[in-house]
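Engineer: Before I ask anything, here is the structure I am working with.
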Amino acid sequence: MTLDFSVLVPYGHMFVQGLLVTVKASLFGLSMGVVIGVLVGALRVVPILPLRALAATYIYVIRGTPLLIQLFLIYFGLPSLGINLPAFVAGIIGIGINSGGYVGEIVRGGIEGVPKGHWEAARVLGLSYGQTMRCIILPQAVRNMLPAFGNEFVTLIKESSLLSTLAITELTMVGQQVRSVTYASFETFLLVGGIYLLLTSVAGGALQLLEKRWQVR
Amino acid sequence: MVAAVEVRGLHKSFGALTVLQGVDLCIGEKEVVSVIGPSGSGKSTLARCICCLEEIQQGEILLHGERVDGGRLRNKAMAHLVGMIFQQFNLWPHLTTLENVCLAPVRVLGLAPEAAQERGAALLERVGLGNKLGARPAQLSGGQQQRVAIARALAMEPRIMLFDEPTSALDPELVGEVLEVMTDLAASGMTMLIITHEMLFAREVSHRVIFMADGNIVEEGTPEALFLNPRMPRTKSFLHRMSAHFGTALVAEEGGRR
Ligand SMILES: Nc1ncnc2c1ncn2[C@@H]1O[C@H](COP(=O)(O)OP(=O)(O)OP(=O)(O)O)[C@@H](O)[C@H]1O
Ligand SMILES: [Mg+2]
């Protein structure tokens, strides 16, 4: 067989559109995931049992169920409670809630990686739990977390392809649309896969750069 | 006069393991007391109870007449009473030395950043690190880090300072600079409780030396009395093991040969 990518050229603008939607969904999803994750991760180590249990349950459930089901629950399930969300919003919330679970676990690991003595020094100096967390523990935890966090970002970009099931025209959806009119399946999905690879490489590289910058300081 | 530190009938256990079994201790204002004793005897635990890092099971701890155990005192009041120096320094590695020293005064005492920095710089100057304000802990030697830790504790203006083996993690050539700072601090009239294996230093700087074993104070007295004339067999054998190890004649020759 021969590959002929030229049939895809007329649909170039669609791929660009899809790429932009994927990038947007990933960035929004990640931002939400980070906010939720920091909260959940911090609660995971707080010395108040019910809060710790709550955070642990969240992480347990989120990590133990497929993202696809979580997306379906939000997009198809919530309307029965009278909550109708636009597909893109539902998608971002789904990704955010999902990655919040994973980021939460990363944050917990990062926090627990800070030596106990740093807490104790702060405590004797009169710093409150919250102050210690904010000024001393989290800034260090973030550094410990960066490698795992980079992995999570890459995973999230790839998993955003599930948004196609909510009929969001992100990259994978665009691929399906183009394939259905050109029948050039192999070329289309090679291109789509290549774009994902490019995206994940850029994201991974950016985080590695950040890691280096922080280590030097 | 009210004692600076008063510990009455202190019991502390970790689960089934009883570590302190009814410790009584009184330290006067401006007194310098050293605690020596074998590993696992509960020295660190005693210091950690005094600064409320550990919950206690029984007994009372009073600092300058105020009951502090059981989290009775607010953070700020507690930090004004007592500072603690750890074996591992426990500096915060993401902050500069000056930031390490200034953080608590700003956050806890509510000092203006400029005022805190002025205080911090003066304290770092006092411990001989006036030229290292912008350095990060990783760029400092262990001795320098421990001196920063001392400046950081002093920035809260505590009335009592606890030292838990402040030089045990240091290379031998760096021990002196830390002990020097502590000697100066003692001379300035600070109330100090020093857990140490530096017997010569303990002998020189302390008004009183306490020997602990198995969660109890076995013997205490002036440095001369305890080092030269220990009464209890356990004290004697400990001191002899120490002087054999360090090759120093801490104890009068005839002390342990009986
Ligand atoms: N957090 C803890 N949990 C359980 N056991 C502990 C804890 N901290 C200390 N211990 C135990 O309490 C006993 C006394 O410990 P402590 O650290 O007070 O001894 P120490 O006299 O300071 O010894 P060293 O000279 O080795 O520092 C030891 O048996 C130790 O294992
Ligand atoms: Mg100890």
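The values are calculated or read from the model by the stated rules, or taken from the named source; none is laboratory data. Since this is a predicted model, take the numbers as computed values, not measurements. Note that we place each Cβ from the backbone using ideal geometry, even for glycine, and neighbour counts take in every protein chain shown. Only protein heavy atoms, including side chains, enter the accessible area calculation; ligands, DNA and RNA are left aside. Shrake-Rupley method; radii C 1.70, N 1.55, O 1.52, S 1.80 Å.
Engineer: Which number do you get for Rg(Cα) / (2.2 N^0.38 Å) in the range B:15-114? Show your work: numbers first, answer last.
Structural biologist: On the way: Rg = 15.9 Å, N = 100, 2.2 N^0.38 = 12.7 Å.
Rounded to two decimals, the normalised Rg is 1.25.
Engineer: Something else about it: Is the shape of the range A:102-217 best called rounded, prolate or oblate, per the rule: a/c under 1.5 gives rounded, else a/b larger than b/c gives prolate, else oblate, with a ≥ b ≥ c the square roots of the Cα gyration tensor eigenvalues?
Structural biologist: Prolate shape, in that a/c is at least 1.5 and a/b is the bigger ratio.
Engineer: Here is a further query. For chain B, how big is Rg over Rh, using alpha carbon atoms and the Kirkwood form of Rh? Intermediate results must be reported in sequence, preceding the final value.
Structural biologist: Values: Rg = 18.5 Å, Rh = 18.9 Å.
On the Cα set of chain B, Rg over Rh gives 0.98.
Engineer: What value, in deg cm²/dmol to 500, does the helix sum -39500 (n - 2.57) over DSSP H runs of n ≥ 4 give at 222 nm once divided by the residues of chain B? Write out the running numbers ahead of the final one.
Structural biologist: Numbers: 9 runs with 96 residues, N = 258.
One gets -11000 deg cm²/dmol as the mean residue ellipticity at 222 nm.
Engineer: In addition: Under the Kirkwood approximation for Rh and a Cα-based Rg, what ratio Rg/Rh is obtained for the range A:54-159?
Structural biologist: Values: Rg = 17.5 Å, Rh = 15.8 Å.
With Rg and the Kirkwood Rh in hand, the quotient comes to 1.11.
Engineer: I've got another one for you. Report relative contact order for chain A in percent, whole number only (criteria: Cα-Cα under 8 Å, sequence separation at least 6). The partial results should precede the final answer.
Structural biologist: Values: 242 pairs, mean separation 64.3, N = 217.
Once normalised by length, the contact order is 30 percent.
Engineer: Expressed as an acute angle from 0 to 90° and rounded to the nearest 10, what is the orientation of the C-alpha long axis of helix B:172-187 relative to the principal long axis of chain B?
Structural biologist: Once rounded, one gets 80 degrees.
Engineer: Given charges of +1 on the Cβ of Lys and Arg and -1 on the Cβ of Asp and Glu, with all other atoms neutral, how large is the dipole of chain B about its Cα centre, in debye to the nearest 20? The partial results should precede the final answer.
Structural biologist: Numbers: 25 positive and 29 negative charges, 83 e Å.
Here chain B has a charge dipole of around 400 debye.
Engineer: Hey, for a label at residue A:83 modelled as a point 7 Å past Cα toward Cβ, could you say which residues of the range A:50-75 have their backbone N under 16 Å away?
Structural biologist: Zone members listed by number: A:58, A:62, A:69-75.
Engineer: Separate question: Sort out for me the Cα centre separation of the range B:33-62 from the range B:1-19, rounded to whole Å.
Structural biologist: 6 Å
Engineer: Can I ask one more? Can you grab the distance from the C-alpha centre of the range A:86-137 to the C-alpha centre of the range B:71-107, Å, no decimals?
Structural biologist: Their Cα centres are 22 Å away from one another.
Engineer: Between the range B:137-160 and the range B:165-234, how many Å separate their Cα centres?
Structural biologist: 19 Å
Engineer: Next question, about the same structure. Any chance you could get the radius of gyration and Dmax over the Cα atoms of the range B:141-212, in Å?
Structural biologist: For the range B:141-212, the Cα radius of gyration and maximum Cα-Cα distance read 11.6, 31 Å.
Engineer: If you don't mind, another one. Quick check: residue separation of residue A:142 and residue A:2 times 0.36 nm, minus the Cα distance between them. What number comes out in nm? Write down the numbers at each step before the final one.
Structural biologist: Values: separation 140, 0.36 × 140 = 50.40 nm, distance 4.84 nm.
Stretched fully, the residue A:142-residue A:2 segment lengthens by 45.6 nm.
Engineer: Then there's this: Seen from all sides and averaged, what is the projected area of the convex hull of the Cα atoms in the range A:147-205, in nm²?
Structural biologist: Over every viewing direction, the Cα hull of the range A:147-205 projects on average to 4.0 nm².
Engineer: Please state the equivalent ellipsoid semi-axes for the range B:88-140: what are the square roots of 5 times the Cα gyration tensor eigenvalues, largest first, in whole Å? Let's see the in-between values first.
Structural biologist: Numbers: eigenvalues 63, 35, 15 Å².
Whole-Å semi-axes of the equivalent ellipsoid: 18, 13, 9.
Engineer: In the protein assembly as shown, with Lys and Arg counted as +1 and Asp and Glu as -1 at Cβ, which of these residues, A:6, A:168, B:213, has the Cα nearest the positive end of the dipole, that is, farthest along it?
Structural biologist: The residue sitting most towards the positive pole is A:168.
Engineer: OK, next. Show me, bin by bin at 5 Å from 0, the whole-percent P(r) of chain A based on Cα pairs.
Structural biologist: Once binned at 5 Å, the Cα pair distances of chain A give 1, 7, 13, 15, 15, 14, 11, 9, 6, 4, 2, 1, 1, 0, 0.
Engineer: Over both sides of the A-B contact, add up the buried accessible area with a 1.4 Å probe and give it to the nearest 100 Å². Write out the running numbers ahead of the final one.
Structural biologist: Details: alone 12000 and 12050 Å², together 22230 Å².
Result for this pair: about 1800 Å² buried.
Engineer: Moving on. Would you be so kind as to identify all helices of chain A, as entire DSSP H runs, whose Cα atoms reach 18 Å or more along the helix's own axis and whose mean Kyte-Doolittle hydropathy is at least 0.5? Kindly include the intermediate steps, with their values, before the conclusion.
Structural biologist: Values: long enough: A:12-45 (48 Å, 1.59); A:49-64 (22 Å, 0.98); A:87-112 (37 Å, 0.99); A:138-159 (28 Å, 0.24); A:185-216 (46 Å, 0.86).
Flagged H segments are A:12-45, A:49-64, A:87-112, A:185-216.
Engineer: Same structure, new question: For the range B:61-100, state which trypsin sites (Lys or Arg not before Pro) are in a DSSP loop and have at most 15 other beta carbons lying within 10 Å of their beta carbon.
Structural biologist: B:72, B:74
Engineer: When the Cα atoms of the range A:1-126 are enclosed in a convex hull and the volume is divided per residue, what value in Å³ results? Please list the in-between numbers first.
Structural biologist: Numbers: hull volume 24.9 nm³, N = 126.
Considering the Cα atoms of the range A:1-126, their hull volume per residue is 198 Å³.
Engineer: If you don't mind, another one. Out of every Cα pair in the range B:168-245, what percent are spaced more than 19 Å from each other? List each step's numbers first, then the result.
Structural biologist: Numbers: 1192 of 3003 pairs.
Pairs farther apart than 19 Å: 40 percent.
Engineer: For the range B:59-168, count all C-alpha to C-alpha pairs, find those more than 18 Å apart, and express that count as a whole percent of the total.
Structural biologist: For the range B:59-168, the share of Cα pairs beyond 18 Å comes to 50 percent.
Engineer: What is the helix-to-structure angle for B:113-126, meaning the angle in degrees between its Cα long axis and the longest Cα principal axis of chain B, kept from 0 to 90 and rounded to the nearest 10?
Structural biologist: 40 degrees
Engineer: For the protein assembly as shown, evaluate the Debye formula with one uniform point scatterer on each Cα (no solvent term) and list log10 I(q)/I(0) at q = 0.10, 0.12 Å⁻¹, rounded to two decimals.
Structural biologist: Values, matching the q order: -0.83, -1.03.
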